[in-house]
Structures are given as C-alpha cells and as structure tokens.
1. Please go through the range 152-168 and give me each residue that is touching a strand residue (DSSP E or B) at 6+ places or on another chain (Cβ under 6 Å) and either over 21 Å from Asp227 (Cβ atoms) or part of a loop (DSSP other than H, G, I, E, B) (or both), ordered by number.
2. Just to be sure, is Phe458 closer than 30 Å to Val586 by Cα and open to solvent by less than 20 Å² (accessible area, probe 1.4 Å)?
3. Yes or no: Asn520 more than 18 Å from the chain's Cα centre (by Cα), under 30 Å from Lys805 (Cα atoms) and not basic (Lys, Arg)?
4. Please state which one of Arg355, Arg398, Arg368 is at pLDDT 85 or above and surrounded by 17 or more Cβ atoms within 10 Å (Cβ to Cβ).
5. I need a count of the residues in the range 125-138 that are more than 31 Å from the chain's Cα centre (by Cα), open to solvent by less than 10 Å² (accessible area, probe 1.4 Å) and not acidic (Asp, Glu).
6. Condition first: among the hydrophobic types (A, V, I, L, M, F, W, C), touching a strand residue (DSSP E or B) at 6+ places or on another chain (Cβ under 7 Å) and either modelled with pLDDT of 75 or more or more than 30 Å from Ser199 (Cβ to Cβ) (or both). Now tell me which residues in the range 289-346 satisfy that.
Amino acid sequence: MLSNSCSIIVSSTMLRVGSSSLASRASRRRHDVVIINRVAARSLSTSTTSADGGDISSSSSRWQFLVPPSPKQRLLMGCVAYDPAVGQIWDGMKDYLTSSSGGNLPHFDYVLFTNYEQQVSALVDGQIDVAWNGPVAHVMAEDLAADRQDVALVQSCGMRDVDRDFRSVALMKRDCLEGGGGTVSAMKGQTIATGSTDSPQGHLVPVDWLVHTVGIDDSTIIPHEYDLGKHGDTAVGEIEAMKAMLDGTGGTSAALVSEMMYQRGLDGALDGINAEELRESVVQLRESPPVFDHCSFDALVGDHPSDGGKSTDIDSHRAKIGAFSTAVLAMDMEDPCQRPILKLEGINKQWMGPRVDPGGAVRTALNRRGLASAGRSNTFGSQVRAFSSSTASFGGERVAVLGAGVSGLQSVRALRAKGFDVTAYDPNPSVGGLWRQNYLSYGVQVPKQLYEFPDLEFSEVEVGQFPSGAEVQKYVERYVDHFNLGDSIALNTSVTKVTQNEDGSWSVKIKTKDGKEEDNQFEKVVVATGLYSSKNPSLPDWASGETAADFNGEILHTSQVLQAEQIAGKKVVVVGNGKSAVDLAVASSNAGADSVTLLSRNAHWATPRLIADLIPFQYVFLSRLGQNLVLGLTGPLPGCSPSHSSVWYSVGQYIMPPIFKVVELLFAAQFRNVTGPTSPFNKVGVVEDFYGYAQVLDYSLRDKVKSGEVDWKVGAIDSFESDGAVLADGEKVSADLVICGTGFQKEYSVFDSATREKLNIESDGLWLFNHTVPTNVDNLAFVGSELAVISNISGYGLQAAWLSKLWSGEINANKQDMESEVNEMKEWKRKWMPNTPSRSSLVLLHQIHWYDRIMRDIGMKASRKSNLLSEWFMPYESSDYHGVLTTLEEKK
C-alpha cells in the first residue's frame, strides 16, 4: 500500500545566476540540497486496481495516480528552506490550496530549495510557476528574465503584511558616542558589524545608505557571513553582529541590523544577547536606512519555456497564477483552521496584495555594487502593465499621477499601499516640483516642523528654522529613497493629453525627453501638479507686446530670476506684494542691485513669524484655540467643523471683530507700517486678506525699507520708456530690470474638451468635493493642486490617504451629497473671502477642522495630542499625523 505522501531528497549544486552571484563568491555553511516535497500525488478518491493493471483511480478523481499533471495543470511553487518550519508551513498551505473549500487548486505543490540562486533559476527556466522570493531574489529574477528573449517578465503577486516597509536600524555603543549627538554622523571612523553580505536588511541596504546617502565612507565594515544563499533569512549574521558590538570584538562599536532583530534582542528573545545589556549600553541612532518590501510571491508575466521548450498557453498561465493569488489573499486569520498556518508564517493580520516594486532600495544597493541593472526599462514596464490590466490579473487598477512633487510622491505612496499600480510622470530630470528650481533665495515661509512629511523627520534642519528651497529639495529626494518610490516615477516625461474613454478609464498621452510619444491606458488619474507651477507664470498685460516695446531693459517673472548675477548693478523694480515679490525685493538688495523698488497695487497684511516678538505664529493660528477664534469670525468650514461651531459663530461674529482689530494694530506696529499707503490697517481685515494673499514674513523688508535700501510704493505700471516704467499716476521709476512677482495661473488644457466642460472651471477656481474629486467626472482626482492649507506638505499626505481610501471603496460618498457639500462650500467662501482665482482651494486658517474631517473619514482619531491642554493650546504640526500613510495597509 502506497503512502499518501513521500519526500524525495535530490542533491544539487548551487547555480550561479548571471555573472556576479553573491553566493558564488562566499563560503557556504550548509549542504546544497533541494528537497522536493510530496512529489507522489495523493488520490482524493480511489477505486480497486483492475486485473489488467488499469487505472487505480476513478475518472472523476481530482488526481490520477502516477499521471503527472501537465504544465498547464501544474502549479508548482518554490521556497527556500531557511528553517525546519518551512515544510510544516507549506504542508498546511497545500492542504488549504488543494481543498475544494479553500483554493480549489488540486495540482498545487511546492519545492524546497536551500538557496535563492537555485530558486530564481528554476523560476525563470519554467521549472516552477511561483517563487516565494526575498527582495534580492526578486531583483535577480527580474534581471535574469529580462536577459532572456524567450521569457516574459517577473511580477509580484502577493506578500505578507509584515514584509511591507521593512526597516533596518543603526546601533552604536553608548560609551562611543563622543560626537554626533545620537545622529548617524557618530558612526564616522567606527568599526561597524553587519549581517551576511547577501542580506538586504543586515547589510546591503543599510551599508549602501551609510556610504551613498549619509556619506560615511571611512568606517570599517565587518560582515558576519552565515547561511549565504539564504539572503539573511536566518538572521544569524545579524545576531552575531550585535554580539560583536556588545563584546567590542575587533574594536566593533556599532552595528547595522534589522529593526525586527533589534527589537527581539530587546525582548530577550535571542540566544546569546543579554536584553538588559543591549538596552543599557546601546543607542539606536535617530536616522535609519530607507524602508523596503521583503518577501513576495513572484511569477512570470506570460509564458515560459517548459514542457520541452514549448510555451504554455498564456491565458491559462495567467488564470492559474491569478487563482493562486486570489486563494492566498482570501485566507482569514479569524478562521480557526487557517489561523495556525498564518501565525506560523509570521503574518500579523493577513496576506496582502502586491506592490509595484518589492525590491527598489535593494535594487539600488545591488546596482551600485555592479550586481544588478539600474532598473526595468519602459518596455518592461509596459509589458507588466499590459498583464495587470487583463481579466486574470493579480495586480491593482492602474493610476497615472501627473507630477512628482510633494503631493505627487505622497499620492504614489498612499495609492500603492492600497494595491493600485501607480506611475507618476514628471517633465523634469528629478523629483521635487517647484523645489527643484525656483527664484533666487526661495524657501519655506513656515518653520520646518510645519513643512515636513508626517512619516519622515526633516532632519536636515533644526526645529524652528525656516528651510531654504535647496534644503527642501534634498529632503524630498530623501523621501523618495526612504520609501522606495523611484520605480513608480517616470522622469523627463511630459503628459501632453489626458482623455477620458467611454468606459470612464483614461488615455494618457506622454512625450519623453527624446521626443518619443505613446498612449497609455489607466483606470484613474491624479493631478498633482501643485498650486504653483513655473510652467504657467501669470504675467501682466504690459509685460509683452507694444506696451513694453520701448523698454531697453528686461522683464522677467520671479521664476526666471535664479542667479544674483542677473541683478547685480541693475536698477530693479519688483512688481507684487506676495511672498515671492517680497523675497526678491530683499534678495535684489542683498545681491548688489543699484536700486530696488517694490511696486504693489494694493496694501496687504503680512503675519509676523513671532507675534508680539514673543509667540511663534503657529501657536495662535495652528492651535485649536486659535482656529476656533477665526471660526468665530468667519463661520464653520462646511462638512468639516463640529456641529457646535455654529453656536459659537452666532456669538463670535460679534465678539471677534474688535479682537482682531487689536491683532491688526499689533501686526502693523511690528512691521512699522501703521499708517501710509503701504499699510493695510483700517483698509482690509487681516483674516479676510490672509485668504487672498497669505504670507508669513520676518523683518527683512521692514528693515530694508527703513534703511532706504528698498523703496516701497503703491501703484501700477501704465507704460514704459527706454530707461524705466511710468506709473498710472504719472511718476517715472528708473529700471533696467522689472521682475514680476505676480504668481502663477492654473491651466487645464491637458484635458480633452469634454472633460474640461464637465469640470466647470469658474472664475474663482475649480470646485471639488473635499477639495479632491470632481462631482461630474469619475476616476479623476486632484491632490495638492486645489488645496491650500498652512502646512501644505502634511495636508497633501492626508489628502492622498483619503483618496486611496475613497478609491478602494472604504469611504462612501454619493453624488447628491457631494454636490450639496460643494454648493455649501461655494456659498460660504463667496460670502466673505476675496474674489481671487484660487478661492475654491483655500482652507488655510480652518486647517485643523479639515484635517479632522479627513481623519474621521479614514477611520482614525482626529484628536492627536496627548492631553486636553496640548489639544487646545499647542500648534498642530506634521508629526502629529505620523503613521497615517503607514497605517493604510494595516487597515485595508
């Protein structure tokens, strides 16, 4: 009688993948053995053997004994046996996947490998259908598949929840922290222990980060080589690295290990690691390497050369892989039969869908060592997308994001977390949007704690400082590396036309730097081109044409003034009264201009950085108390402010005007601008004006005007002479250079005419539900483009999180309610805000209540402070929303 299962052990040697296998150059501390488990098929229903030796199984059986499944029927998965429990796990998974009540995949089986190199080769050769790969193996598989002309590409089709955003940490002995203040700079010149050289978390990613991002290349790196070929899965090398740091072996004073293993050490779960000693003698440095995704199920996209070199049917193959992915993702932790398997696999809550690039940071690290290509080409990408749009796909809906600035990047991250297949297009050679390049001396008008990504500290700048544009750009680039977004971004690629198809999907026409054009199909589109774009400067009518024909000087927009040399020695007239105009008036004086005139059409309010020269402005305008005082003057923000706000407004509208009059007098006094044509005092209310011309300033302009270095006038240019401008009142102002600080204009011509008509763009802007989605155009959203809050960068992150929840079906919104809220918002804003082209986008001093609405919608706590006093009196900062994007996948 034959047993229902058996195991066959086959000796094997490790195959070298490509020309530079990590493991082929390292000592191997294990036997090269491939264990093929349960090759003999079990019969679910059998019959008596016939006298003539006929079939022993009935024709209705799901299995036929001694009849191997064809390549079309077979679903064979490979995984690396880094632990004895792996076989136990996949025995349980097999029972689930082959059962009619589970995956209903009767021909599923698995193969155990002792190393990833062998497994990758088997996948690409078509010997297995799915590989449970680590991120290094994922990159290897992609590159090996790309090198072969007869196979399609590799794509992830599922992963564990615990493998998302895998993180490493930098550790250092406390008594060696002579400098650096707990930052990674303290590692300079130190001896640093790591895990095995093929471990992404224990060596590859953290060492690459240390050398290429942090810039520390004078340290001694000592890898602890164990279980090479398993790519750090056993974590023995990391444990030995921590031991070496604690013992000071060979002068070791620091270590780079995974956050998971460090935490296990602190919990006392690692043999040979004294938890108390680790806790007391070791410091985790503040910075950390970029996160990456760890293990994923990889499958070939399309056919592969199996069954004697004959290609299998592509549709059949896709359906087979899709059925596997669907079955795995359907497993439920609440099911008592499935829970033990999921727990043994280390899953926290559930299997999760694939992400676009499980090995981004790993690929970068390997590429810098010459062990991997720089990335997949556009051809590869189009093949992957073509597969994921098929009915048998295991990928998410495709989303095009227009722009790779702070709003576009957060949109990519949020949507990817929800399983969408996202591609962001940007015409520039690098990410960053307007921060990549802008006018001379440009920077942020709020302190850094108000302008940072909620999940990544702006460590380049101290708390309270106002970052320069260059510092913001460096920080934005670090965000891309940290969260592994690069492979979802197509740079040097312009979107020239966006057209909605009859089925509601989108045709997006792109043009690359070399002039190549192509049409790509997407289910959804996100416009993330920002509130301001140097591509669409707003210029007065006199800036071109006959009015300026007699002028011998230059007329430039602020976005064109990049160097001090453009200004030095010239008579400069700066037109405007917004932040860019004020900045350039001051910068022109500092750059050695012969004279500087700031010409403003009207007087407007500026908010001082320190109110009464004592209190940072955010304590007044970004605390709950302060924003509720504003609400008492303007009324509640429709759809966002709590219901009791209307009661307060019924009283506050009478109490607050005289209080804000005192505030106006204080602001005017601080800027030494209480009277005169440039003073807004008694001409316009400070809150009302803030919603048209918001700016937070230091005293640079005030002091320049006082010293006579800047001549500030109220007036408008009427005409030009050869050596200057003539104002409307007849006064002549000498000029060699006129700089227009007149802002930017919105532009929607990228859309087809039918879409533009449906958007119904009005003179005061584009009105959207929750400042994000139009009510009359499906599958379209605007993130960052139609929303102005004080802490823009965090606002865009929350907006992206809200959109990802909406599009994944976790937020319900019907068209009637959406239209009703938009109309209510229009009526409220038009009642008291200045009539500007951006009025529809303005939230500003009602920011906290808008954020509250976002948090309620996505199912998270709106009150983010630790106690009631902080909740009402402390300013809300970006860090208060730490973890919102990270939590998206956990709450899927």
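The values are calculated or read from the model by the stated rules, or taken from the named source; none is laboratory data. The model shown is predicted, which means the values in this text are computed figures rather than measured ones. Reconstructed Cβ throughout: ideal geometry from the backbone, glycine too, with neighbour counts over all protein chains shown. Side chains are part of the model used for accessible areas, which takes the heavy atoms of the whole protein and leaves out ligands, DNA and RNA. Shrake-Rupley method; radii C 1.70, N 1.55, O 1.52, S 1.80 Å.
1. From the range 152-168, those touching a strand residue (DSSP E or B) at 6+ places or on another chain (Cβ under 6 Å) are 152-159, 161, 166, 168; that's our starting set.
The answer is Ala152, Leu153, Val154, Gln155, Ser156, Cys157, Gly158, Met159, Asp161.
2. Details: closer than 30 Å to Val586 by Cα: yes; open to solvent by less than 20 Å² (accessible area, probe 1.4 Å): yes.
Considered against the rule, which asks whether it is closer than 30 Å to Val586 by Cα and open to solvent by less than 20 Å² (accessible area, probe 1.4 Å), Phe458 comes out as yes.
3. Numbers: more than 18 Å from the chain's Cα centre (by Cα): yes; under 30 Å from Lys805 (Cα atoms): yes; not basic (Lys, Arg): yes.
Yes: the conditions hold for Asn520.
4. On the way: Arg355 fails: at pLDDT 85 or above; Arg368 fails: surrounded by 17 or more Cβ atoms within 10 Å (Cβ to Cβ).
None of the others qualify; the one that does is Arg398.
5. Quick first cut of the range 125-138, residues more than 31 Å from the chain's Cα centre (by Cα) only: 125-129.
Then keep just the ones that are open to solvent by less than 10 Å² (accessible area, probe 1.4 Å); that gives 126, 128-129.
Then keep just the ones that are not acidic (Asp, Glu); that gives 126, 128.
Final tally of qualifying residues: 2.
6. Our first condition is that a residue be among the hydrophobic types (A, V, I, L, M, F, W, C); within the range 289-346, this holds for 291-292, 295, 297, 299-301, 314, 319, 321, 323-324, 327-331, 333, 337, 341-342, 344.
With the extra rule that they be touching a strand residue (DSSP E or B) at 6+ places or on another chain (Cβ under 7 Å), the set shrinks to 291-292, 295, 297, 299-301, 321, 324, 328-329, 331.
The answer is Val291, Phe292, Cys295, Phe297, Ala299, Leu300, Ile321, Phe324, Val328, Leu329, Met331.
Yes or no, residue by residue, for (1) over 30 Å from Ser870 (Cα atoms); (2) among the β-branched types (Val, Ile, Thr); (3) at pLDDT 95 or above; (4) buried (at least 21 other Cβ atoms within 10 Å of the Cβ):
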{"site": "Val572", "(1), (2), (3), (4)": "yes, yes, yes, yes"}
{"site": "Val582", "(1), (2), (3), (4)": "yes, yes, no, yes"}
{"site": "Ala593", "(1), (2), (3), (4)": "yes, no, no, yes"}
{"site": "Thr597", "(1), (2), (3), (4)": "yes, yes, yes, yes"}
{"site": "Asn602", "(1), (2), (3), (4)": "yes, no, no, no"}
{"site": "Gln618", "(1), (2), (3), (4)": "no, no, no, yes"}
{"site": "Cys640", "(1), (2), (3), (4)": "no, no, no, yes"}
{"site": "Ser650", "(1), (2), (3), (4)": "no, no, no, no"}
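Yes/no per residue for (1) part of a loop (DSSP other than H, G, I, E, B); (2) open to solvent by 20 Å² or more (accessible area, probe 1.4 Å):
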| site | (1), (2) |
| --- | --- |
| Leu701 | no, no |
| Val705 | no, yes |
| Glu709 | yes, yes |
| Trp712 | no, yes |
| Phe720 | no, no |
| Val726 | no, yes |
| Asp729 | yes, yes |
| Ile739 | no, no |
